[in-house]
1. Show me, for region 238-251, the HN-Hα J-couplings you get by feeding each phi into the Karplus relation (A = 6.51, B = -1.76, C = 1.60, θ = phi - 60°), rounded to Hz, glycine and proline as x.
2. Within the set LYS333/LYS378; LYS41/LYS101; LYS50/LYS307; LYS175/LYS214; LYS421/LYS567, which residue pairs have Cα atoms separated by over 21 Å?
3. Given points 7 Å out from each Cα along the Cα-Cβ axis, report the ASP176 to LYS419 separation in nanometres with one decimal.
4. Just grab the label-to-label distance for ASN299 and TYR332, each label 7 Å out from Cα along the Cβ direction, in nm (one decimal).
5. Let me make sure I get this right: for region 139-234, a, b and c are the square roots of the gyration tensor eigenvalues over alpha carbons, sorted descending. Under 1.5 in a/c it's rounded, otherwise prolate if a/b > b/c, else oblate. Which is it?
6. On full extension of the chain, what length is gained from ARG380 through SER394, given 0.36 nm per residue of separation minus the C-alpha to C-alpha distance?
7. Suppose R0 equals 51 Å. What FRET efficiency, 1/(1 + (r/R0)^6) with r the Cβ-Cβ distance, do ASN222 and LYS37 give to the nearest 0.05?
8. Would you mind counting up the charge near HIS170? Only other residues with Cβ under 11 Å from its Cβ, with Lys and Arg at +1 and Asp and Glu at -1.
Amino acid sequence: MKKAILLIVLTLITINSYGQSEMTDQQNEILQALSSKQQEKYFKSFIENKDSNQDTAYFNALRLIQDIDSSRIYYEGIGEIYAFISMYEGENLFKYRNAIKHGETAFKIYQNLQLKKEAARIQARIADYNFKVGDMHLSFNNILNAMKIANEIRDSISIRECALVMERIHYYYYKDVRIARAYNNFITTSAENALEQEQRSRALNNLFYYPLKKTEVDSIINISEEIFQNYNIDKNLVSIYLNAVLKYIEYGEESLAEYYLKKSKERLSNIKDSGYYYSAAGYLELMRENYDSSIENINLAIHYLSKGDFNPQMLLRSYDILQWIYMTKSDYKKAYENLAAMTNIYVELVNEEKIIELSKSLNELKNERMREINKQYKSRIKFIIMALVIILLSSTLFFYIFIQRRKLLKRNLQLEEEKHKNELKAKDDMIKVKRLQQYQENIFIQHLINQLENISYNKETIPNQEIRNIIRQLESREDKSDWVEVEKSLEGNNTFMKNLVEAHPDLTINERRLCTFMQMNMSTKEIANITHQTINGINAARTRLRKKFGLTGDDKSLIAYLDKFNKS
């Protein structure tokens, strides 16, 4: 027993020693380049936590690069540290500008060491971050450089990453939907491993840029959920759900929009997803005309979206919705505040620092040229403010027309419902009239029966004169206009009789009456009671009608044939 325990302990010590030796072999060059014990501590902590605890790894990596000698950074491991910081800042903190800065340092290290695969991948990521902060020119230059390296070494991950960025550049900058869609198809139609499946998930999310049918939106959700189930990749699932919410709102499928809004809320884990969630929730409440709830959600969206370097278009749309709602509520002070916030964003988009940097790169232009640039800058601000006013007017008009259309649709539905109610009431009234007429007929017949009984009791023979009087009373009772009045009542409330007579003008009054009763779903027995005919007589009349209409089959085919005359 003691030998067994000793053997286990020795084995564990051997494994541990091997792990330490392996780490030392891989990192020894960097450790030798570090100039203090504190730097070594940061470096070792980064290595230990980069896979299991990214927050701690980021903390130590950041302190290491702040303390390290910049002239001694050209090691692959240091490049990995800068790449990790760039990835963490971009994907977790959404501080894209910081991520670009650290990513460029990593790229410089990889390029210096001729590590082409790593250089291509970090350059593609920098291109993505530049696109997200709105610098399309730099993004395009980055991606061309990344594609050149990736094609040279045939690295599929880098090539696919470049395609994802090129899709958005062609869609937004060049407005070439055909080329953009071709890049998207390249990613979505194939994926061989987990990394490629994650890229495929992002490409599926990009499909929401394009016009989609409801079935296509359903398909994107199903494929994305399959990727999550098979590869445990849910990084883009919240974004896909929220984009689907906006599409379902567009289709008028509010129940589906509500369903996927709830599903996305269960998965919120960062400021980006939270900002997009509340933006979508606010838009849904706006469409429902729940303005107070919409304001609450949009303000939450602004709160989250202001924390990162997100595309300013999201904030612009949020402020635009708020100013429109406040204008609708006649709260002009708050409407003005949101309009001012939009104006500030547009001014920031001009980016004066970029203009000055450009002027310096063009051989330090003279001060006169600088004044001209500043003048152009001011004119651009004026142009942006004018464009802002046009956009505001357009968006206000759009929301006004949209809401008016919704109100008109509700009104049409109410009118349609009232029409159906009136038709049902008219049919019910006709039935009541017929029952009253039948009741009166029964009273009259009973009166005649009493007269005949009196004649039978009072006299041995029935005088012909009195019998003739009774016959005259019966004849005078036959009112052939009754059914005509019933038809008029029907024509006043629906189109059945009008369409029937137009299609078959040769129908007799009795045949039209029989058609009406069948259209009212009355049974053969009920029809026989009302018309004082036998059931066999009614069946025979139905047979004659089928022949006149050119029908074959049972009574259902006749009823189905009559039912089409209800349509206007």
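Every number in this text was worked out from the coordinates using simple rules, so none of it is lab data. A quick note: this is a predicted structure, and the numbers were derived from the prediction, not measured. All Cβ positions, glycine included, derive from the backbone under ideal geometry; neighbour counts span all protein chains shown.
1. Result, ordered by residue: 4, 4, 5, 4, 5, 5, 5, 4, 5, 5, 5, 4, 4, 7 Hz.
2. LYS333/LYS378; LYS41/LYS101; LYS50/LYS307; LYS175/LYS214
3. So the label points at ASP176 and LYS419 sit 5.1 nm apart.
4. 2.2 nm
5. On the way: a/c = 2.68, a/b = 1.24, b/c = 2.17.
Since a/c reaches 1.5 but b/c is at least a/b, the shape of region 139-234 is classed as oblate.
6. In short, 3.0 nm is gained.
7. The computed FRET efficiency comes out at 0.40.
8. Working: positive: ARG168, LYS175, ARG178, ARG181; negative: GLU167, ASP176.
Taking every Cβ under 11 Å from that of HIS170, the sum is +2.
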